[in-house]
1. Can you give me the long-range amide H partners of C:Ile234? Hydrogens built in the peptide plane at 1.01 Å from N, cutoff under 5 Å, separation of 5 or more residues or another chain.
2. In B, who owns the beta-carbon nearest the axis carrying B over to D, and how many Å from it?
3. At a 1.4 Å probe, what is the % contribution of carbon and sulfur to the accessible area of segment C:174-221?
4. Using a probe of 1.4 angstrom, how much of the accessible area of segment B:67-122 is carbon and sulfur, in percent?
5. Would you mind working out the accessible area per residue for segment B:207-273, using a 1.4 Å probe, and quoting it in Å²?
6. In sequence order, what are the phi-derived ³J(HN,Hα) couplings for segment C:42-59 according to the Karplus relation 6.51 cos²θ - 1.76 cosθ + 1.60 with θ = phi - 60°, rounded to whole Hz, with x for glycine and proline?
7. Between segment A:97-114 and segment E:199-273, what is the separation of their alpha carbon centroids in Å?
8. Take every residue in peptide D:234-244, count the Cβ atoms of other chains within 10 Å of its Cβ, and give the average of those counts.
Amino acid sequence: LLPSVQSPTHFPNNESIGVAGVSAPKQLPFEFKALESCIESACTCLEYETQRLEEETYPALGELTSQISTLNLERVRQIKTRLVALSGRVHKVAYQIENLLDDDNDMAEMYLTQKLDAQLSDQTSVKEAYNEAFDEDIDKSERSYSDTYKSYDHKPDVEELEMLLEAYFAQINGILQKLSTLSEYVGNTKDYINIMLDDKQNQLLQASIILNTMNFIVNLGILVVGVFGMNIHIDLYQGQPSQFWATTSGTVLGCVLLFLVSIWWGKRYLLPQ
Amino acid sequence: LLPSVQSPTHFPNNESIGVAGVSAPKQLPFEFKALESCIESACTCLEYETQRLEEETYPALGELTSQISTLNLERVRQIKTRLVALSGRVHKVAYQIENLLDDDNDMAEMYLTQKLDAQLSDQTSVKEAYNEAFDEDIDKSERSYSDTYKSYDHKPDVEELEMLLEAYFAQINGILQKLSTLSEYVGNTKDYINIMLDDKQNQLLQASIILNTMNFIVNLGILVVGVFGMNIHIDLYQGQPSQFWATTSGTVLGCVLLFLVSIWWGKRYLLPQ
Amino acid sequence: LLPSVQSPTHFPNNESIGVAGVSAPKQLPFEFKALESCIESACTCLEYETQRLEEETYPALGELTSQISTLNLERVRQIKTRLVALSGRVHKVAYQIENLLDDDNDMAEMYLTQKLDAQLSDQTSVKEAYNEAFDEDIDKSERSYSDTYKSYDHKPDVEELEMLLEAYFAQINGILQKLSTLSEYVGNTKDYINIMLDDKQNQLLQASIILNTMNFIVNLGILVVGVFGMNIHIDLYQGQPSQFWATTSGTVLGCVLLFLVSIWWGKRYLLPQ
Amino acid sequence: LLPSVQSPTHFPNNESIGVAGVSAPKQLPFEFKALESCIESACTCLEYETQRLEEETYPALGELTSQISTLNLERVRQIKTRLVALSGRVHKVAYQIENLLDDDNDMAEMYLTQKLDAQLSDQTSVKEAYNEAFDEDIDKSERSYSDTYKSYDHKPDVEELEMLLEAYFAQINGILQKLSTLSEYVGNTKDYINIMLDDKQNQLLQASIILNTMNFIVNLGILVVGVFGMNIHIDLYQGQPSQFWATTSGTVLGCVLLFLVSIWWGKRYLLPQ
Amino acid sequence: LLPSVQSPTHFPNNESIGVAGVSAPKQLPFEFKALESCIESACTCLEYETQRLEEETYPALGELTSQISTLNLERVRQIKTRLVALSGRVHKVAYQIENLLDDDNDMAEMYLTQKLDAQLSDQTSVKEAYNEAFDEDIDKSERSYSDTYKSYDHKPDVEELEMLLEAYFAQINGILQKLSTLSEYVGNTKDYINIMLDDKQNQLLQASIILNTMNFIVNLGILVVGVFGMNIHIDLYQGQPSQFWATTSGTVLGCVLLFLVSIWWGKRYLLPQ
């Protein structure tokens, strides 16, 4: 990624080409090599952790969707906690890089090599520089740009550092987006599980109602045979065995019929809802 | 859209008209034609995907609303995931265009043709330019505007590029709003389904309570006939068959009456809530 | 509203009064009359739709609160969808006006009449203006302010346009706040309905438990009389009718007592929770 | 609060002390006295309403937590609606003050007394001022600061107004934070009630299951005594009364044993979850 | 932390080194020592409270997860309320420091010692300074920087104060992130508990359905033995005791068989869901 950064840094050198004759692509000074390796290692580390988290999240959510258990829930919860912590860390890095990118002066102060050079040649050129700087504006922040030497020399370097930082800022933002997609996916799955659980609950309640209906009908049957179990004497009690079977089968058939009617009625009553 | 962009770019040319005599509407340079076709293709692609997603979302949500099944839920969940991913991509494009629009210098550096021309005429005009630039401010960022030629020539072009980018920025924002409306609609439907499920659950519980009441009353009836099924002898047991029927019908009538009373009581007790 | 806008635009004319002798309150140029009527019509339209939505929302939510039915839910859901769409449109208008207000140059470019006048007198005054502009800064954006004529003449007009736009911006913000209050109210009602449904569910479960308890007690009674219905002979079976009534009433009284005890116990056990 | 505001406004007067010899603490001009009393009355009113809302919210939420009834819910819902409306009003005031604080020009235009004075002395000093303003920058907004008199005289006053507004801005922000804490507390309580209701629901379901278990066991008992109530003759029916009591107590003991076993099993099965 | 802040403040002194010969590391003036001790005490206090809150939150949430009781819920709710209040306080401090950091002028006005020195030397150097300031820009805010002495002298000090404030700003931001992680964790746990409760509810309903099924089957058995308890005479009633046992065991076996079938059917019907 970074090697391609150097070439676009050339054209703002136009002026210095005319002035100082520097035309070859500059090597990154040591302080930026150090900075780059620091940020690169941080990015690699965060990217690696994001990838590992991603690899864990999808199967964990898949398992949780297919079976809700305390174990799976606890696992997803720990993944969510890690996701929040990792997002916090990535945000911090992105915030620091963005802050640095927003403040040109802070970036200029990171050019340690150039500042050393500038300081050495400062005392000899300060008078001369003042004459050149006669009509120059001191920029809004006015901090460290009061001599022309600096302002003519610094700019391409800030460009260089800016591009270096922007490249890593884009990478960090990519990681952030991955994490936020992951977080959205977890929240999404949570909603999915909630609706699924609520729906299953209603199905269980429906099954419970069907059972209750069956229970009720059997109880009705018990009531009927209980009536014929009363010891109050009627002529039927001395009747034919066929009367016993008629009574029994009548009761059973009545129960079955009632059950079918209630199923039909329940379907017509519950389905339009 | 874009052809109408060129005309308003003329009036900031007022000065250069007096200076350089350029008055005909400029053709877009090749780098902007390339840029425009890139952004246009990206916009078309994102718009197409948004439209396809929209076409899938509404029927899928409609089906989910009319019948909650694992299949429909899974489908809506996948649509939500795609919606989040697509929003992320559109946001990225919008963010990049906005960043470019916010930084005039970055836009100025995209004028490749002009920069080449400027560089060629640079070395001859640099002395002369300095005299003109005598009282000029070097702007806040101070990067590439140290010679008058550039600052007098660049501005209309940045206007041109700005309008080109703003047109596509508006289009991207339109896509973003469509996606956010879609996302709100999905969330809306989720709330709707949740309330619907909770309400259905209460209806099922109410049905369950009615069944329980009926069960209870039948059990009361069984208790009564069970009492007369006890083998402890009383005079009734040697009574008339009419007494059997009186007892039976009394029990049944009592049950029906109790059921009606409990329905009336339940309605009065549950309806004000 | 707008007539009162003209008077405060005078005092920044102080300088130009001294220079150009313009002192009478200016008429709004034709381009601003056109712009004003456009924005006014948009505002009126959006305000009208907001008001109609408000008038529909409150009764619809009231009905939904008093009775949750598929019809009422569907109605509230459609109102929510319309609310989101309308908010999106109002946001778009507010965003455009805010963008315009933030960019003084874009506002300056809307002074079509003045730009025409300026262009006509431009070629004659350009030399002269340069001398005056000698020590002027070219502002940060540096676009169209390189001659004094413009910068001395434009400013009061931008003020004029700014006040016109600010007046409508305030109106649009008022509409936005109405819509956001409406949206909060809908969300509020959703939470209210959710808690109400959950609470009703618990009441139904409580009623269900009371019924179950009653059922259980009656079943106990059935068990008792079932015991005396066993055909295993004991002396009691040849006893007095009074023994039958003693047994029966004992069973019934036991049931009632048990019921009262369980109600008391349930209240003591469930109420502190 | 405000009296302490005047003293810190002195030190930026350093320069004008040297130039104009003004050293005594200035009285606030009449326009700021008017402005101050307006904002103070608005703040007092909003603070009073916030306090009254706070005083109502905590007991209402307390009652709702201890007993969920339609009345309490409706009361909390109305409090929430008022909270949203009040927050909207406070936000509006805070937004207006912040806008004013962000725009130094708008603040400068509020110095009516000074503007009148400046206008009077304007025509005499305009030539002279121009010479002094020779090397002055016209600031970024470039609106009304083209003469030195103003820029040297206005600044301390803007400071004065800024401190006045900042004091009330802090107060308004304090009110906003109170309201947002209140809103968080309401949302917090809502979550608390939801979990409480869900937990109570589970406890009710558990009680319901225990009752169902008891019911089941009693039904088993009924089945057993029902078996001995069958009229199919066995020798036991002519047995000793002790056999009756043995059967009965065996059945009852079996039921109790089964109940204890199921309770123990249920606890072991349900507690680890 | 702070001792390391002093060294980086040196290099912007480059210019003043050349001009004024000040090269030794400056002591912090008394006003910054006071400010530092104020902010440090505030940070320490907030950090301490955050830590105590953290130490309470994790065990409280752990207990709530393992057992949902009114006591634990109330405890977590109070922790959440304290969390919101503490976040508000930390936000306020962070906001104030950020505001100060954003406004260079406000920071410059905090250099009480230097302002006193500047005021003393002001009247002698004001003429001279004006000549030097001839081509200087007055920066965007233009408030208190009209003499060169100040602008050349102040800058390093603002740098000093900026670094002091930035160090504490970073610390405050660290506290804010801890609090927001804590808040996310609480919300996370809330979601976890909600899913857990919903899942347990479904398990209870499933247990309830199994019990209902068992109840239904026992009732069927009661119906069968009730049939044989009817007093309608059949030949079986005078049969062998073996017939009694056949009937009984047939009924019981039928019940057990039915139960096994329903369990198998329920598993096949409920598990794919």
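1. Amide H neighbours of C:Ile234, under 5 Å, 5+ apart: none.
2. Whole-Å result, nearest residue of chain B to the axis: B:Gly229, 4.
3. Working: 760 of 1330 Å².
That share works out to 57 percent.
4. Values: 1640 of 2840 Å².
Reported share for carbon and sulfur atoms: 58 percent.
5. Working: 3570 Å² over 67 residues.
Ligands and nucleic acids excluded, the figure is 53 Å² per residue.
6. Those phi angles translate into 4, 4, 4, 4, 5, 5, 4, 5, 4, 5, 4, 4, 4, 5, 7, 5, 4, x Hz.
7. Answer, in whole Å: 83.
8. Counting other chains' Cβ atoms within 10 Å and averaging over D:234-244 gives 5.
The values are calculated or read from the model by the stated rules, or taken from the named source; none is laboratory data. Just so it is clear, the model here is predicted, and its values are computed rather than measured. Here the Cβ is made from the backbone with ideal geometry for all residues, glycine too, and neighbour counts use every protein chain on show. To get the accessible areas, we keep the full protein, side chains included, count just its heavy atoms, and leave off ligands, DNA and RNA. Shrake-Rupley method; radii C 1.70, N 1.55, O 1.52, S 1.80 Å.
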